[in-house]
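In what follows, a single structure is set out as structure tokens and then discussed.
The values are calculated or read from the model by the stated rules, or taken from the named source; none is laboratory data. Only a predicted model underlies this, so the values are computations on that prediction, with no experimental measurement involved. Because the Cβ atoms are built from the backbone with ideal geometry, glycine has one as well, and the counts that use them run over all protein chains shown. Only protein heavy atoms, including side chains, enter the accessible area calculation; ligands, DNA and RNA are left aside. Shrake-Rupley method; radii C 1.70, N 1.55, O 1.52, S 1.80 Å.
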Amino acid sequence: MLNRVILIGRLTRDPELRYTPAGVAVTQFTLAVDRPFTSQGGEREADFIPVVTWRQLAETCANYLRKGRLTAVEGRIQVRNYENNEGKRVYVTEVIADNVRFLESSQSRESGNASGGGDMPEPPSYGGGGRGNSGNSGFSRNNNQDPFSGDGKPIDISDDDLPF
């Protein structure tokens, strides 16, 4: 059986960071995800999907995510229920995220369509649990030089260097 979801959307408000009585960090936020079609009136509709993160990921999201920021979330769907004050059963469907990617920098938000995020620091660069490529492939780039720019000379690559 498989329960995996990947979403890309924008935060509808700043994440809410709380701590459980045991001291475990938990963050909740809502992601607005555009639907792939328009309504009969020609307007683009969106789904507003609640997302929950736990522990270190929760603290990282609370520190670096802000309203309007484009974000990718990977996780699982969870349905839970409880009885409210009136004795009525309430069902909640949410995404429990285990991987969150910040898809745009704070500078691009400020120079483009800034939504009042202020001076938000950039998130730290880390591998994110060994999935994907975090941009650190072992090459060092000094002064942002293009590693593929050259003087027109052929590149010496042996068959042992090729991955296929």
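Quick notes
Let's see how each residue does on (1) assigned to a strand (DSSP E or B); (2) modelled with pLDDT of 95 or more; (3) exposed (fewer than 14 other Cβ atoms within 10 Å of the Cβ):
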| position | (1), (2), (3) |
| --- | --- |
| 41 | no, no, yes |
| 45 | yes, no, yes |
| 68 | no, no, no |
| 76 | yes, yes, yes |
| 80 | yes, no, yes |
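- Condition check for residue 73: within 12 Å of the chain's Cα centre (by Cα), within 25 Å of residue 1 (Cα to Cα) and in contact (Cβ under 8 Å) with a residue 24 or more places away in the chain: yes
- Count - residues of the range 47-66 that are in contact with a helix residue (DSSP H, G or I) (Cβ under 9 Å, 6 or more places away or on another chain) and open to solvent by 50 Å² or more (accessible area, probe 1.4 Å): 1
- Residue count, the range 11-39 (criterion: open to solvent by 40 Å² or more (accessible area, probe 1.4 Å), of a type in the set (Ser, Thr, Tyr) and outside any loop (DSSP other than H, G, I, E, B)): 2
- The one condition in (1) modelled with pLDDT under 95; (2) over 16 Å from residue 103 (Cα atoms) that residue 5 fails to fulfil: (1)
- Residue in the range 90-110 that is farther than 29 Å from residue 2 by Cα, at pLDDT below 95, surrounded by 10 or more Cβ atoms within 10 Å (Cβ to Cβ) and among the acidic types (Asp, Glu) present: yes
- For the range 47-66, a residue qualifies if it is within 17 Å of residue 13 (Cβ to Cβ), assigned to a helix (DSSP H, G or I) and not polar (S, T, N, Q), and the qualifying residues are 58, 61, 62, 64.
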